[in-house]
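Please treat every number below as a calculation from the coordinates, not as lab data. If you're wondering where the values come from, they're calculated on a predicted model, not measured in any experiment. As a convention, Cβ positions derive from the backbone with ideal geometry for all residues, glycine included, and neighbour counts pool all protein chains shown.
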Amino acid sequence: MSGGLAPIGFPAYETLRPVTDLAGVILCDNPSEMTFEGTNTVVLRAPGSPTCVVVDPGPDDLAHAERIAAIVGEIELVVVTHRHGDHTDGIDHLRTFTAAPVRAVQERFCRDAAPLVTGGDDDEVIHAAGLDIIVLGTPGHTADSVSLEVRVAGTGFTAPPDCVVLGDTILGRDSTVLDSTDGDLGDYLGSMDLLAARADGVIGIPGHGPDVENTGRAAQVLGRHRRDRLEQIVAARAELGREASAEAITRHIYRDVSPFLLMVAEQSTLVALRHLDRLDAPDA
């Protein structure tokens, strides 16, 4: 997708920053402690394709949707990686500028299209914008999280993909939060193992932060980090008592961090405690 353009560095707001020959990013100007520099809206198309696929329209920001429409031309399909509002609240804003269908795992985010299919024997393959896009179920951050393997149509699936669009499953830096409402540590570890096996040496495009140079390697590191953290939680629980709260365990483990980071870490701790309780259950 570079098209001979001069390189554009990260971050570059509301402009198309090429990442690979098939993918670029339009960074929304919504920086925060949770979104880092902002939400990455990803644009996918094969060379010469008159249409594109847009992944994650972004937050409730009409100006961002207008910029997407102005930059990318004809949109064939919109795909959502997961349910969080900084990725989905812009869906209907973007629909103001395009009649393209919208697909997501959860039906409430779909527009004129069926939900994405994950979890079966075969991964769904989307054929759009001259691409074959494999939909990988990568839950953990949320129950509905997916990642997208991107290839030129017809090139086959034995060679590594051009890139993997990651949503918030893997971020451009730091580890992702496991949402305490429907995040799952066991699912997350399985997703890291899946990406480690499938995406060694493959560029990853996260929902927040800079590009991931090697998605498979990042997944290995993050999986190991989360397993190490789980051991710390087990040790803290043993020291503080089984009835210790997620807040108490988080404060015991995380020292000298900001109140905001403690609050974020507490979500992941709560998810980890639920994971441990399931493992300890008699029928586990």
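General remarks:
- Simple spin-label estimate for L262 and A235 gives 2.1 nm between the two label positions (7 Å along the Cα-to-Cβ direction from each Cα).
- Considering only beta bridges that DSSP places wholly inside the chain, some 70 percent are antiparallel.
- In whole angstrom, the range 161-242 maps to an equivalent ellipsoid with semi-axes of 26, 13, 11, each derived as √(5λ) from the alpha carbon gyration tensor and ordered largest first.
- If you look at the Cα atoms of the range 1-135, you get an Rg and a Dmax of 14.2, 43 Å.
- The range 143-284: projected area of the alpha-carbon convex hull, averaged over directions, in nm²: 9.9 nm²
- The C-alpha radius of gyration of the range 60-102, expressed as a fraction of 2.2 N^0.38 Å, stands at 1.06.
- With both labels modelled 7 Å from their Cα along Cα-to-Cβ, the D89 to V125 distance reads 3.8 nm.
- Computed [θ] at 222 nm, helices only, for the chain once each DSSP H run of length n ≥ 4 contributes -39500 (n - 2.57): -10000 deg cm²/dmol
- Ranked list, fewest to most other Cβ atoms within 10 Å of each Cβ, for I170, I71, I91: I71, I91, I170
- For the range 7-22, 3J(HN,Hα) computed residue by residue from phi via the Karplus equation (6.51, -1.76, 1.60; θ = phi - 60°) reads x, 10, x, 8, x, 9, 6, 6, 9, 7, 9, x, 10, 9, 5, 10 Hz, glycine and proline entered as x.
- Considering only T35, T215, T158, the Gaussian network model of the chain with Cα springs below 10 Å gives its largest mean-square fluctuation to T158.
- Highest-first arrangement of 110-118, 192-200, 131-139, where packing means the average Cβ count within 10 Å: 131-139, 192-200, 110-118
- Between helix 62-72 and the chain: long-axis angle, C-alpha atoms, 0 to 90°, nearest 10: 50 degrees
- Sorted from greatest to least, the principal axis extents spanned by the alpha carbons of the range 1-66 come out as 36, 22, 17 Å.
- Cα extents for the range 16-226 along the principal axes, largest to smallest and rounded to whole angstrom: 43, 39, 30.
- Rounded Å value of the spacing that divides the Cα centres of the range 131-194 and the range 52-82: 19 Å
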